[in-house]
Every structure is written in C-alpha cells, then in structure tokens.
1. Residues Ile186, Ile192: which one is farther than 16 Å from Ile80 by Cβ, within 16 Å of the chain's Cα centre (by Cα) and either in the same structural domain as Leu59 (by TED's automatic domain parsing) or part of a helix (DSSP H, G or I) (or both)?
2. When you go through (1) exposed (fewer than 14 other Cβ atoms within 10 Å of the Cβ); (2) under 30 Å from Gly202 (Cα atoms) one by one for Leu160, which number turns out not to apply?
3. Tally up the residues in region 169-210 that are over 24 Å from Val243 (Cβ atoms) and in contact with a Gly (Cβ under 9 Å, 6 or more places away or on another chain), please.
4. Being exposed (fewer than 14 other Cβ atoms within 10 Å of the Cβ) and either on the phi < 0 side of the Ramachandran plot or touching a residue at least 60 places away in the same chain (Cβ under 8 Å) (or both), is that true of even one residue in region 164-172?
5. Against the conditions (1) out of contact with any Lys or Arg (no Cβ under 6 Å at 6 or more places or on another chain); (2) within 30 Å of Arg36 (Cα to Cα), where does Gly135 fall short? Just the number, please.
6. Go through region 145-169 and report how many residues are of a type in the set (Gly, Ala, Ser) and under 15 Å from the mean Cα position of the chain (by Cα).
7. Taking region 203-255, which residues are among the aromatic types (Phe, Trp, Tyr) and at pLDDT 95 or above?
8. Does Asp209 satisfy being of a type in the set (Asp, Glu) and in contact (Cβ under 8 Å) with a residue 12 or more places away in the chain?
Amino acid sequence: MKIVIDTAARTLTTVDEGAERTAGLYTKAAFEAISRQWVRVGWSLRYYHNFSWFGHSILQMPEDLLRIEEVLYRVRPDVIVETGVFQGGSLLFYATLCEALGKGRVIGIDQQIPTGLREAMERHVLARRISLIEGDSVSPEVTGCVAASIRPEECVLVLLDSCHTRKHVARELECYSRLVTPGSYIVAADGIIRDLADVPGGEAEWLSDNPLTAAAEFAAGHPEFVEEQPPWLFHEGELTENVTYWPGGWLRRVE
C-alpha cells in the first residue's frame, strides 16, 4: 500500500492494488491508516522493548496496558493467569493493580523461569500476590496445577502471551478458557503479528500462523465466548478501534 499525506490539502490518500481512496487528514479513516503503519514501523524498531514496570522489562504496547487496567478495574478478578512472563514486568504490573484494587493475585507460567527472576519476585513487596509455575503452559501437569490453585467461587481472567504460533495459542485457549468466569476475558495477545509478515524482522508464515487466527477459530467453535474489544470507559468522538498489538484477541465469556 502507498500512503500520501498532504498536510497542506489536509488529505490522506491510499493506493492499494490500483484502488485509490482519499480521506480528510483529520478523520477516523486517516487515523486508522496512519496508526496501522505506525504500529508496523514501531514494531520493526522494537518500540515496545523500551518500557518497564518497577525496573522489570514489560514488552507491551502502553495502550494495551491501559486497556487491561480498565478491564481489571471493571471485572475485578480474584485470579489473573498469565502465560509467558519474560522478565516479570507484566506480572508486577498486574500485581500492582491488584494491590490498588485491594484484591486479586497473579499466576505466572513460563517454560523457563530464571532463578534471578524467581528470587526477585519472592523478595518483592507484592510477593504475596504473585506465584510462578515453571513448565509447558499446555501440559497436563501445569494446567492441573493452575486449576487446583483456583477456588470455585473466584473470578478468573487469563492472558495468553507465551508462544504465538496458531497451534500453541489454540491449545492454550482450549486449556484455559474453562477457567474463565462469565463476564471475564481470555486474551490472545500479539495478534498483530499477522500484519507484520512483510516488515523487517517479520516472517511470511505469520499471515496465517498467528494468535488472531487462533482466537477467531476458537470463538467460532465456542458460543460461550464472543470476540469483543472491551468498551472504553470514557468515549468521545467517532473512533471505534484503539491502537493495539492485541487485535481480535479479547474473548469475553458470555454471562
């Protein structure tokens, strides 16, 4: 696609496979076109590697963090399950929100959890709100351990952010969706990789091998879940889509 921004004429023109479209520069259509390219360029430049939470790398788009904060405030889960913990920044982010809400704990799962990370979490002032499980997120041992740690009356929200292949995300969705309580969500993170197949650092197979495809297929086969971008708590203007690395990844369990 070719994009031409004319600040003098206040227009944005896209040319895609011979089809040319022009919109006002300060319109919803222009915002969406610019945002999509901004996300693609930013990802290739490792923009999301620049953020941390309380000294731990978090590897998330700031807007996605704000969106999950809004959801946690509204849903107020007792348990947040996260697969893929990297350096612990997101675990601490969720635990901090739990502390602010006065309830909740986080279960972090990863194939390998470095000794230094485990020790840092155990020493942290929020350690009582964090537990770590090492192992394959879809193994019976790990899924059984997670399920056993959740009480029947607890509200559960799940974030899938480990291996991003279509097959693995599909397996995680099947394993962890049964833990999600009505009104809460299971989130397949990083569906944006579908749109990154042709950028520097991307891979051609991402066009079909991605979390977004896995989430769509899961929703189609599980009527108890609906694909739903969480509503903004405050919404002015005509925008309907937020800037995100998690497109199509929010699956809400129907009440």
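1. The unique qualifying residue is Ile192.
2. Unmet condition: (1).
3. The number of residues fulfilling the criteria is 0.
4. Narrowing region 164-172 to residues exposed (fewer than 14 other Cβ atoms within 10 Å of the Cβ): 167.
Filter once more, so that each one left must be either on the phi < 0 side of the Ramachandran plot or touching a residue at least 60 places away in the same chain (Cβ under 8 Å) (or both): 167.
Yes.
5. So Gly135 meets the others, but not (2).
6. Going residue by residue through region 145-169, those that are of a type in the set (Gly, Ala, Ser) are 147-149, 162.
Okay, now just the ones that are also under 15 Å from the mean Cα position of the chain (by Cα), so 162.
Within region 145-169, residues that are of a type in the set (Gly, Ala, Ser) and under 15 Å from the mean Cα position of the chain (by Cα) number 1.
7. Trp206, Phe218, Phe225, Tyr245, Trp246, Trp250
8. Yes, satisfied.
The values are calculated or read from the model by the stated rules, or taken from the named source; none is laboratory data. Being a predicted model, the structure only gives us computed values, none of them experimental. Methodologically, a virtual Cβ is constructed for each residue, glycine included, from the backbone with ideal geometry; neighbour enumeration extends over all protein chains shown.
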